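Peer 1: Structure below; questions to follow.
Please treat every number below as a calculation from the coordinates, not as lab data. Nothing here was measured: the structure is a model prediction, and the numbers come from that model. Backbone-built Cβ (ideal geometry, glycine too); neighbour counts: all protein chains shown.
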Amino acid sequence: MNLKKKDTPISPFAEVIATSTAEFTAQCLESPNLDFPVLPGLGSWVKTIDELSGQTVYAIVCYAAAAPMDSIHRAQALGLSLQQLRLEQPQIFAMIKAEFRAAIMGFQGNGQTYQHLPPQPPQLHQAVYPCTGLELSPFAQNPLFLRTILHFRGGPVDAVIAATLRQMYQQQNYDQAWLIQAGRNLNTLLKEDYDRLRGILEQIHP
């Protein structure tokens with residue numbers, strides 16, 4: 001699958017601040033308005049593009065958190081609405097950092113999408129974008145990435161799988177045949193652990 005220029009949003013929403021073979025951590029960029037940074041949803045797909053090699057790395061959000069920039073002082077309840085914060089405490093929006101971890105599921109290079117770890121992880125300070133439905137098509141058609149995510153140990157794996165499949169099920173226009181096949185693939189990977197499989201599938205709904 002070739003990555004078309006129009007598939008990439010004009011502006012990224014986050015930046016890689018830590019990277020490793022199997023995952024990366026990104027910090028959400030500060031909002032241009034008086035708003036808190038918007039954390040990506042659990043199980044959502046993101047991508048980062050290496051500016052030198054042109055390689056695109058695809059990953060799934062497995063954990064997200066927001067906290068004050070200052071690690072010494074904890075956030076305190078102020079009892080104010082969002083609008084009141086904008087009027088009375090506007091500086092607070094610049095004092096919050098929002099970060100998330102993403103498990104690497106595959107990469108795109110030479111016009112092909114591969115569902116295994118890339119030769120190199122993303123570079124530090126590379127931009128992070130949300131993925132488009134077109135980019136997720138190879139993962140939906142043949143979800144080999146499920147094996148990779150089942151072995152991930154950096155988050156609530158079952159909840160991440162359910163959230164990811166829920167999002168992809170929606171993108172497939174709630175195609176029951178697609179969901180049944182995804183369940184069969186999971187069943188094979190879980191070695192007939194029916195309780196775990198049912199627990200994951202019960203979290204998938206329109």
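Peer 1: Suppose only helical runs count, i.e. DSSP H with n ≥ 4. What mean residue ellipticity at 222 nm does that imply for the chain under -39500 (n - 2.57) per run, divided by all residues and rounded to the nearest 500 deg cm²/dmol?
Peer 2: Mean residue ellipticity, 222 nm, calculated: -8500 deg cm²/dmol.
Peer 1: Pick out, from 63, 90, 190, the residue whose Cα sits farthest towards the positive end of the charge dipole of the range 5-201, with +1 on the Cβ of Lys and Arg and -1 on the Cβ of Asp and Glu.
Peer 2: 190
Peer 1: Tell me, what HN-Hα J-couplings in whole Hz come from the Karplus equation 6.51 cos²θ - 1.76 cosθ + 1.60 at θ = phi - 60° for each residue of the range 112-119, using x for Gly and Pro?
Peer 2: For the range 112-119, the Karplus-derived couplings read 10, 9, 10, 9, 7, 5, x, x Hz, x marking Gly and Pro.
Peer 1: Residue 95 versus residue 174, label points 7 Å from Cα toward the beta carbon: distance in nm?
Peer 2: Using points 7 Å along Cα→Cβ, the separation is 4.5 nm.
Peer 1: Can you compute 3J(HN,Hα) from phi for each residue in the range 31-46, using the Karplus curve 6.51 cos²θ - 1.76 cosθ + 1.60 with θ = phi - 60°, rounded to whole Hz and x for Gly and Pro?
Peer 2: Computed from phi, the couplings for the range 31-46 are 5, x, 9, 7, 9, 6, x, 8, 6, x, x, 4, x, 7, 8, 10 Hz.
Peer 1: Hey, got the dipole for the chain? About the Cα centre, +1 on K and R Cβ, -1 on D and E Cβ, debye to the nearest 20?
Peer 2: 280
Peer 1: Expected output is a single nm value to one decimal: the length gained when fully extending between residue 74 and residue 150, i.e. 0.36 nm times separation in residues minus the C-alpha distance. What is it?
Peer 2: Value of the extension gain: 23.9 nm.
Peer 1: What FRET efficiency comes out for residue 124 versus residue 38 if R0 is 35 angstrom and r is the Cβ-Cβ distance? Round to the nearest 0.05.
Peer 2: Given R0 = 35 Å and the Cβ-Cβ separation, E is 0.95.
Peer 1: Also, quick follow-up: If you average 1/r over every pair of different alpha-carbon atoms in the chain and take one over that average, what Kirkwood value in Å do you get?
Peer 2: Across the chain, the inverse of the average 1/r is 18.3 Å.
Peer 1: Would you kindly state the longest site-free stretch of the chain, with sites defined as trypsin sites (Lys or Arg not before Pro) in a DSSP loop (not H, G, I, E, B) surrounded by at most 13 other Cβ atoms within 10 Å?
Peer 2: With trypsin sites (Lys or Arg not before Pro) excluded where exposed in loops, the chain gives 75-152 as its longest stretch.
Peer 1: So for the pair residue 27, residue 198, with labels modelled 7 Å out along Cα→Cβ, what separation do we get in nm?
Peer 2: Result: 4.6 nm between the two label points.
Peer 1: Given H placed 1.01 Å from N in the peptide plane, which residues other than close sequence neighbours of residue 97 have an amide H under 5 Å from its amide H?
Peer 2: Those qualifying (amide H under 5 Å, at least 5 residues apart or on another chain) are 67, 69.
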